[in-house]
Amino acid sequence: MKKIFQYVVLLLCSFSAMAQSDIKLHHLQCEMLTNPLGIDVLQPRLSWQIITNETEVEQTQYQVLVASSAEKLKNNHADLWDSGKVSSNASINITYSGKKLDSKDEAYWKVKVWTNKGETEWSDTAHWSMGILTYADWKSTRWIGYNQLFPGDSVSQFSKLSARYIRKQIDLKKNVKKAKVYLMGMGLYEFYINGEKIGNQVLAPVPTDYTKNVKYNVFDVTSQLKQGENVLGTILGNGRFFAMRQEYKPYKIKSFGFPKMALQLDVEYEDSTSETIKTDETWKFTPNGPIRANNEYDGEVYDARNEIPNWNTNNFDDSNWLNLTWVEEPGGFPEAQMTPNMKVMGEVKPISITATKNGTYILDMGQNMVGWLQLKVKGNRGDTITMKFAESLKADGALYIANLRDARVTDTYILKGEGEEIWEPKFVYHGFRFVEISGFKTKPTLDNFLGKVVYDDMETTGTFDCSNPTMNQIFKNAYWGIRGNYKGMPIDCPQRNERQPWLGDRTTGAYGESFLFDNQTLYAKWLDDIKFSQTLDGGIPDVAPAFWRYYGDGVTWQGAYIKVADMLYKQFADESVIKNHYPYMKKWMDYMEANYLKNDLIAKDKYGDWCVPPESLEIIRSQDPTRLTDGEVLSSAFYYHLLQTMKKFATIMGADKNDIVHFDDLSKRIKTAFNKKYLNKNNTYANNTVTANVLPLAFGMVPDDLKNEVFKNLTHEVEVVKNGHISTGVVGTQFLMRTLTENGRGDLAFKLASNKTYPSWGYMVENGATTIWELWNGNTADPEMNSQNHVMLLGDLLVWYYENMAGIKSSEADPGFKQIIMKPDFEAGLSYVNASYKSSYGLIKSHWKKSKNHLEWHITIPANTSALVYVPTTNPSKVSINKDRLDKGSKNYRTEANKLVLELKSGTYSIHVN
Ligand code: BGC
């Protein structure tokens, strides 16, 4: 069964030079936002951008041509799809509606648009090819592996398994015209042809619950193959497949067995004949290669003395290698991977190296980062260098590893003793700022080491700079934290023995992150992970993929399923995620209702308002009832909010009317019961924590006539009782900043954002953090649960940076930034903001600067979008736009509250207010 709308295929393609009008459309390379080889949906969606210097450009029509070859497309012979001239202003997510595509079909496409300012020429050509769409089309490609341990391996709490080096010599009889490989290598693979690594991905493929779905990667390998003998080489690492904590808590931690692979190589010869090469029992392997152990938590052991020169070229005798055997399939359905693999995305040079008393050295990278260290070393055969990774140091200068639990986080390199040796691991990563190096006979220099930053190959889409240095450093810390925790799924932390994709950490986090990174395909994949982990009766786990079998049936964690889909819809106008997941989301909502709704409230909650600042600095979990918000308050309010979102989804979907009626009725009942039980006579909620008040306000549960009073109480609590400090945990913090600002207290939100004293994000900065901590008291609390690189406490802070401080926000009505709401809070406390965001339509910019009597605001609105721009005055004679006075010019405006609202079309504008 194939999903029709599963994923976006964003073939972002802008225009080359244009004729027949005065629009100058700048040439920009066609850019593929997903791997265009191996598209796994029957109706991919196409997007393009109009890049121009002309202002007020609106698309009026488009025509898409799709052909089965580049040649045909060049001649406008659209044998797959000619959309015809379509009257529409839609330029993103256009559903392919041509001939039915089959496995491995090739598609070449281009587009031409007509605008109010003229028409473009045909765009450059972009391309995609279909993956293997049905199980049958794998044509009995078999899985091969070897289900045995070898000396040195162990299945234990600290599982150890050497990497498998696999080779297959093939003989290609004729000249190769085209060749493509479809590869599944579990848990992780590196693939070579004739000694050359294919692709620049690392730690591939992305992790899934391999019993549910298995991702394959596709590569065009035409240029690597030649007529005659060729060698296909693979190294298989363990990843999450051969679990890290194998026999430790099998009831909790999933394991999938020994590494295995399946591969299909399609070769088309120049004479138009073809051949398919597949994995089988003739493929050979050795467990005796240099990677002796590889375990995500414990590190990699590499013995260079075991290197096997030329093992992956045809200049090698493999007669004493073992044959792989046919093994059971992992169980999951093969799917083309539509989200990018990880890559080395940057490098960090260490800033200092210090000798310790024990003859080891402490290396400081100057930044808490995620990835690994490249080592450069000279020495004797058998010399052993170890590198142990940690986020911080103890007072005596030694590594602080207590917060890593039982993760051993050590990479080991044993030298072969042949001059300079350069090494980096292949199948592990670490979260670290400091590294303890041992084994050097003389003091190494900084040049011996280079940090490699590893995360999903996604574009950075946002920049942000403002007049407050604390807020800028928080932004930078968030940027490092978010990217470090993208590992083919969003994980909680990259260093201790956990690294799990916890749902609750990203409920709103995903939304804030979407301003900084193009995380659309990652989160679309994650929604699939969640769906695949749903139980038959509708429950979804706390962690997905459910590598840890936790099914706590909460609302606030599980609700991420719905909230992340809502984010993808709002930020990327992605309706497909709603269409794909609606039935499963509804099933979960029904399941919660059937099992946990009592007296119109939901009492089931697992984690509370996780990680509120506790009563004493040493503890992790507060026991103080005045700080904790009742679980029923959290779950019921959140469930109410999700019902509202489901109602919206049902409308978008055109779902059964009964669904809408049901969501609506139930939410009304919950609201009534909630206010009856928890709204106090003094217009506070429950025990009057900030979270207990902020949720009903943010979700629209407060009776209209009491809103002001409840909000006043909320601000009193934040401002007076908590002395302008954070008192919320993971749940409350998701709504705090926006609720304060949208109700007129941006200044209080600014105070929270710029605070340097405990508890605050700025307090982390003041204490040397270069990422975001798991706990507000992360520098003093017990190490048992105290990571220094968790992103969940960001709450809605980044959303607030962009939407409320920069004024870059997508409207709900026209999502994906088709209509942009530019409404910065100029009064909150900043004197300038300079921010940008690369939306699906193009670059949005907002740069404002104010002095006592003057505001200067430069904005950029991409072609084919418009913006509602809120200028902070009611007097149009004080406003100029691109030097024209507003009251004398031609721009339309209206007055709303104490602002002028302009509706601007695309272009770059300088607005001055005197
Ligand atoms: C994780 C969190 C997670 C939480 C839930 C922690 O151990 O690191 O990020 O959300 O557990 O209880």
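The values are calculated or read from the model by the stated rules, or taken from the named source; none is laboratory data. All of these numbers come straight from a predicted model, not from anything done at the bench. Glycine gets a Cβ as well: all are built from the backbone with ideal geometry, and neighbour counts include every protein chain shown. Remember, those area values only see protein heavy atoms, side chains included, never the ligands or the DNA or RNA. Shrake-Rupley method; radii C 1.70, N 1.55, O 1.52, S 1.80 Å.
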*asked:* Eigenvalues of the Cα gyration tensor times 5, then square-rooted: what semi-axes does that give for the range 295-411, in whole angstrom, largest first?
replied: 35, 23, 16
*From the phi of every residue in the range 581-588, what ³J(HN,Hα) in whole Hz does the Karplus formula 6.51 cos²θ - 1.76 cosθ + 1.60 yield, where θ is phi - 60° and glycine or proline is x?*
9, 3, x, 6, 5, 5, 4, 5
*Would you mind giving the average projected area, over all directions, of the Cα convex hull of the range 101-234 in nm² with one decimal?*
13.6 nm²
_Per DSSP, loop trypsin sites (Lys or Arg not before Pro) in the range 823-914 with at most 14 further Cβ within 10 Å_ = LYS852, LYS883, LYS888
*Compute the distance in nm between two label points, each set 7 Å from the Cα along the Cα-to-Cβ direction, one at ILE422 and one at ARG549.*
4.7 nm
*Tell me, what does the Kirkwood hydrodynamic radius of the range 227-289 come to in angstroms if you use every pair of distinct C-alpha atoms?*
15.1 Å
*Could you give the C-alpha radius of gyration of the range 640-797 expressed as a fraction of 2.2 N^0.38 Å, taking N as the number of residues it contains?*
1.19
*Any idea what Rg and Dmax come out to for the range 411-531 if you just take the C-alpha atoms, in Å?*
18.1, 54
_Output wanted: per-residue J couplings in Hz (rounded whole) for the range 754-770, from phi through Karplus 6.51 cos²θ - 1.76 cosθ + 1.60, θ = phi - 60°, x for Gly and Pro._
10, 3, 10, 9, 5, x, 6, 5, x, 4, 4, 4, 4, 9, x, 5, 10
_Could you compute Rg(Cα) / (2.2 N^0.38 Å) for the range 370-452, with N its residue count?_
1.10
*For the range 461-618, taking Cα atoms only, what is the radius of gyration to one decimal and the Dmax to the nearest whole Å?*
16.8, 52
*Using alpha carbon centroids, what distance separates the range 371-408 and the range 184-242, in Å?*
29 Å
*Where trypsin sites (Lys or Arg not before Pro) fall in DSSP loop in the range 741-828, at most 14 other Cβ within 10 Å*: LYS756
_Positive-pole candidate from HIS725, VAL799, PHE817, dipole of the range 707-821, charges at beta carbon_ = PHE817
*asked:* So for each of 500-513, 76-89 I average, over its residues, the number of other beta carbons within 10 Å; can you give me the resulting order with the highest mean first?
replied: 500-513, 76-89
*Calculate, in nm to one decimal, what THR55 and ASN314 gain on full extension: separation in residues at 0.36 nm each, minus their alpha carbon distance.*
87.3 nm
*asked:* Over all directions, how big on average is the projection of the convex hull of the alpha-carbon atoms in the range 111-153, in square nanometres?
replied: 8.0 nm²
*Would you work out the relative contact order for the chain, in percent, from Cα pairs under 8 angstrom that are 6 or more residues apart?*
10 percent
*Go through the range 332-431 and name the GluC sites (Glu not before Pro) that are in a DSSP coil and have 15 or fewer other Cβ atoms within 10 Å of their Cβ.*
GLU418, GLU420
*Note the direction-averaged projected area, equal to a quarter of the hull surface, for the Cα convex hull of the range 830-886, in nm².*
4.6 nm²
*How large is the dipole of the chain about the Cα centre if only Lys and Arg carry +1 and Asp and Glu carry -1, each at its Cβ, rounded to the nearest 20 debye?*
680 debye
*Whole-percent pair-distance distribution, where bins are 20 Å wide, for the alpha carbons of the chain*: 14, 44, 35, 7, 0
*asked:* Just the number please: accessible area per residue for the range 705-841, 1.4 Å probe, all protein chains included, in Å².
replied: 29 Å²
*So if we plug the beta-carbon distance of GLU229 and ASP656 into 1/(1 + (r/R0)^6) with R0 = 51 Å, what FRET efficiency do we get, rounded to 0.05?*
0.25
*Where the Cα pairs of the range 163-260 fall when distances are cut into 5 Å bins, in %*: 2, 12, 21, 21, 15, 11, 8, 5, 2, 1, 1
*asked:* At 222 nm, what value in deg cm²/dmol follows for the chain if DSSP H runs of at least 4 each add -39500 (n - 2.57) and the sum is divided by all its residues, to the nearest 500?
replied: -5500 deg cm²/dmol
*In terms of modelled amide H atoms, which long-range or inter-chain residues lie less than 5 Å from the amide H of ASP40?*
GLY131
*asked:* For a quick size check, give me the Cα extents of the range 623-705 along its three principal axes, largest first, whole Å.
replied: 46, 28, 16
*Sort all Cα-Cα distances of the range 795-914 into consecutive 10 angstrom bins from zero, then give the percent of pairs in each bin up to the one containing the longest distance.*
14, 49, 32, 4, 0
*Would you pull out the residues with amide H under 5 Å of ILE602's amide H, same chain only if 5 or more places away, H placed 1.01 Å from N?*
SER636
*Amide hydrogen neighbours beyond the local backbone of ARG45, cut-off 5 Å, H modeled*: VAL9, TYR96
